[in-house]
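**Student:** Let me begin by handing over the structure; questions about it come next.
The values are calculated or read from the model by the stated rules, or taken from the named source; none is laboratory data. As the structure is a computational prediction, the values presented were derived from the model and not from experiment. Cβ: placed from backbone, ideal geometry, glycine included. Neighbour counts: every protein chain shown. Surface accessibility is based on the protein's heavy atoms, side chains included, excluding ligands, DNA and RNA. Shrake-Rupley method; radii C 1.70, N 1.55, O 1.52, S 1.80 Å.
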Amino acid sequence: MRPPASPADGLHLILGRKYKYLRLEWTDELAMLRVRTCVKPIQCYSLAGLTEMQRVLDDIAENPGLVRHLVLSSDVTGVFNFGGDLALFVLLVRARDLDSLRMYGRRCIDMVWWLEHAAQRGVHTTVLVQGDTLGGGLESVLPFHKVIFERSAQAGFPEVLFNLFPGMGAWPLTIRKAGFSVANDMVLSGRLFTADQLHRRSLVDLVVEDGEGELAIDALVRSIDPRLRGTLAALHARRMAAPITYESLQAVVDLWAETALTLTTRDLRLMERLARAQVRKVGGDEEGAVEEIKRIELDTAWGELRTGNTQWGDEHAHTEERGTGVTAWGALPGR
Amino acid sequence: MMPFFADLVMRTDEARRGFETNSVVLDAVARGMSVERYRALLLELYHVVWHFNPVCAAAASRIPDSHRQIRYYLYEHMQEESGHEEWVMSDLEAIGVARDSTVAHSPAMHTLSLNGYNYWAADRRDPCSVLGMMYALEVIASVYGGPFSSAIRESLLLEGERGVSFISSHATMDAEHMASLRTILNTIVDEPTRDAIVESTLVNFHHVTRIFEAI
């Protein structure tokens, strides 16, 4: 390991790197590093995007005391992150490449693991979500100390719709923040949730009106900064009270990779359908992956209506709290 | 040492995404294309497919005994690919291009560059470079072929496999090929050969992207 650089050298190093998919900004007064992701045109966790993000995190770790606040947001209008690189998944599944699927998953949990230890590194983390965030995109949000959503943002774990599950920290991070029942509902339903619904489930700390996210970040960071040491110590203690181990994250990634290899042609076609929808939105269409997921939910619900098999039974009769309200459960009369 | 397939995926992922995120490709996958542009694309693909087996044969004849498993792999693969240019011709006929016109078509500069590079790489660079060509073309077919053929079917109101048989069938067939290609790539351990395959993959992704862009 290199000896720590002087603060000025460290800052120069962090800000001086050339990134293709990230834009970095520094606020000296708050020692705040803003990272804006921009994996254009399809905002997702590509291998290169992950590598760049990990580079930033490693730079922060190699310069202890330099960064007090790390803030992540997206530079792509209407999308925070679509999650995994679906085309890469299709490629690896078709090549039956378990090693590469595991490698991809481990890169994702390395980022989660870093964020999990941010308080110990003296860094408070905040994320601003201003658009759709799906699957791995939502998983990457959950380890942040503070999660801010703008009101129109929607999120969920759609993986179960194509016979997979979110394998990069969704279960332990959701359980820790919102409890087992919420985690069960979110992961096993594949449904999407509004910012308010996620706030009620304690997965989002603050919901602000569209366009007010930037102001909210500034206010939040300024309110935390004077009591940063105490806050970080408390967050460290919180982690000790409800720890997540790297081994458990890794075991879930391994299971995720093995499950991915069992995907059928139909499952891959559904994945491709979502990928195509993402592409359409990028091309200027109003509707993208989120709308496609709602259509898939509706298809499933109509199937249930025809067969009378709802999987859930009557205990889930409260429609308001189920999904976005325009999805399958909200659409079904008399539920 | 990392299995070579994983290494190849990582080292060429940006080129793959460069193809996927090219605005023309994005639009084609999302919305299909006009019949004129689809004709132009298939005419270029015809010449890529027509030269696929000769490139493989040129490579196979130059592969040293130390890599004999690749030579055998190429023999099998050539047999499977044999006659596939006929599928492209049939699709072209279905959308109004006579067989004579297909054969007489002069390939565009990027298609000549693609084929020219692949012959040169098999002859002068490293005969195992041919695996880079196969990897790039099979990724394009198996990952993007399905959504692309659906988009073409919808935009041109084609029925069943008519007019899209080549792309559609390769989307399924190359899915199986990907698994066997991974197995053969993982047998390669020497760095110069690995580097030559990576280079070939990058060049093939580049040229195919340019072919799409130009139609």
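**Student:** How many Cβ atoms of partner chains, on average, are near each residue of A:47-54 if near means within 10 Å of its Cβ?
**Tutor:** The mean count of partner-chain Cβ atoms within 10 Å per residue comes to 2.
**Student:** Restricting to Cα pairs below 8 Å that are 6+ residues apart, what does the relative contact order work out to for chain B? Please round to a whole percent.
**Tutor:** Working: 258 pairs, mean separation 77.8, N = 215.
Taking the mean separation of contacting Cα pairs over the length of chain B, I get 36 percent.
**Student:** From the alpha carbon gyration tensor of the protein assembly as shown, can you work out the equivalent ellipsoid semi-axes (sqrt of 5 times each eigenvalue) and give them in Å, largest to smallest?
**Tutor:** Working: eigenvalues 373, 172, 86 Å².
Computed over the protein assembly as shown, the values are 43, 29, 21 Å.
**Student:** Sticking with this structure for a sec: Report Rg(Cα)/(2.2 N^0.38 Å) for region A:9-146, keeping two decimals.
**Tutor:** 1.05
**Student:** With every atom except the alpha carbons ignored, what do you get for Rg and Dmax of region B:1-109, in angstroms?
**Tutor:** Answer for region B:1-109, Rg first and Dmax second: 17.6, 52 Å.
**Student:** Right, next: Over the Cα atoms of region A:194-252, what Rg and Dmax result, in angstrom?
**Tutor:** 15.4, 40
**Student:** Go through region B:26-55 and flag every residue whose accessible area shrinks by 20 Å² or more with all protein chains in place compared to the isolated chain (probe 1.4 Å).
**Tutor:** B:Leu26, B:Val29, B:Ala30, B:Arg31
**Student:** From the Cα gyration tensor of region B:16-56, with a ≥ b ≥ c the square roots of its eigenvalues, which class applies: rounded if a/c is under 1.5, or else prolate if a/b is larger than b/c, or else oblate?
**Tutor:** Details: a/c = 4.13, a/b = 1.47, b/c = 2.82.
Oblate shape, in that a/c is at least 1.5 and b/c is the bigger or equal ratio.
**Student:** For the pair A:Ala242 and A:Arg200, what calculated FRET efficiency results from E = 1/(1 + (r/R0)^6), where r is the Cβ-Cβ distance and R0 = 22 Å, to the nearest 0.05?
**Tutor:** Efficiency, from the Cβ-Cβ distance: 0.60.
**Student:** Please list, ordered by chain and number, the residues whose modelled amide H lies under 5 Å from the amide H of A:Val129; skip anything fewer than 5 residues away on the same chain.
**Tutor:** A:Ile148, A:Phe149, A:Glu150
**Student:** Of B:Tyr119, A:Tyr19, which has the most accessible area and how do the rest follow, probe 1.4 Å? Show your work: numbers first, answer last.
**Tutor:** Details: B:Tyr119 75, A:Tyr19 45 Å².
So the residues, ranked largest to smallest area, are B:Tyr119, A:Tyr19.
**Student:** If you don't mind, there's one more thing I want to ask. Averaged over A:99-108, how many beta carbons belonging to a partner chain fall within 10 Å of each residue's beta carbon?
**Tutor:** Numbers: counts 7, 9, 1, 1, 5, 3, 0, 0, 1, 0.
Average per residue, whole number: 3.
**Student:** Same structure again: Over the Cα atoms of region B:90-215, what Rg and Dmax result, in angstrom?
**Tutor:** Values for region B:90-215 (Cα only, Rg and Dmax): 16.3, 49 Å.
**Student:** Given only helices, namely DSSP H runs of n ≥ 4 each adding -39500 (n - 2.57), what is the per-residue ellipticity at 222 nm of the protein assembly as shown, to the nearest 500 deg cm²/dmol?
**Tutor:** -19000 deg cm²/dmol
**Student:** Shifting gears a bit: Rounded, prolate or oblate: pick one for chain B, where a ≥ b ≥ c are the square roots of the eigenvalues of its C-alpha gyration tensor, a/c under 1.5 means rounded, and failing that, prolate if a/b is larger than b/c, else oblate.
**Tutor:** Prolate.
**Student:** Using amide H atoms built 1.01 Å from N in the peptide plane, name the residues 5+ places from A:Leu192, or on other chains, whose amide H lies under 5 Å from its own.
**Tutor:** Under 5 Å from the amide H of A:Leu192 lie the amide H atoms of A:Thr324, each far enough along the sequence or on another chain.
**Student:** In addition: From other protein chains only, count the Cβ atoms within 10 Å of every residue's Cβ in B:142-148, then give the mean.
**Tutor:** Numbers: counts 5, 12, 6, 1, 8, 8, 2.
Partner Cβ neighbours, averaged per residue: 6.
**Student:** Around A:Asp75, under 10 Å between beta carbons, what's the net of Lys plus Arg minus Asp minus Glu among the other residues?
**Tutor:** Summing Lys/Arg as +1 and Asp/Glu as -1 gives +3.
**Student:** By the gyration tensor of its Cα atoms, with a ≥ b ≥ c the square roots of the eigenvalues, what is the shape of region B:36-96: rounded for a/c under 1.5, prolate for a/b over b/c, or oblate?
**Tutor:** prolate
**Student:** Give the interface area between chains B and A as buried accessible surface, both sides summed, probe 1.4 Å, in Å² to the nearest 100.
**Tutor:** Buried surface at the B/A interface: approximately 2500 Å².
**Student:** To the nearest 10 degrees, how steeply does helix B:84-94 sit against the main Cα axis of chain B, on a 0 to 90 scale?
**Tutor:** For B:84-94 against chain B, the angle is about 10 degrees.
**Student:** Compute the convex hull volume of the Cα atoms of region A:1-77, divide it by the residue count, and report the result per residue in Å³ as a whole number.
**Tutor:** That works out to 86 Å³ per residue.
**Student:** Let me ask you something else. Using DSSP to call loops (not H, G, I, E or B), can you name the trypsin sites (Lys or Arg not before Pro) in region A:16-53 whose Cβ has at most 16 other Cβ atoms within 10 angstrom?
**Tutor:** Qualifying residues, ordered by number: A:Arg17, A:Lys18, A:Lys20.
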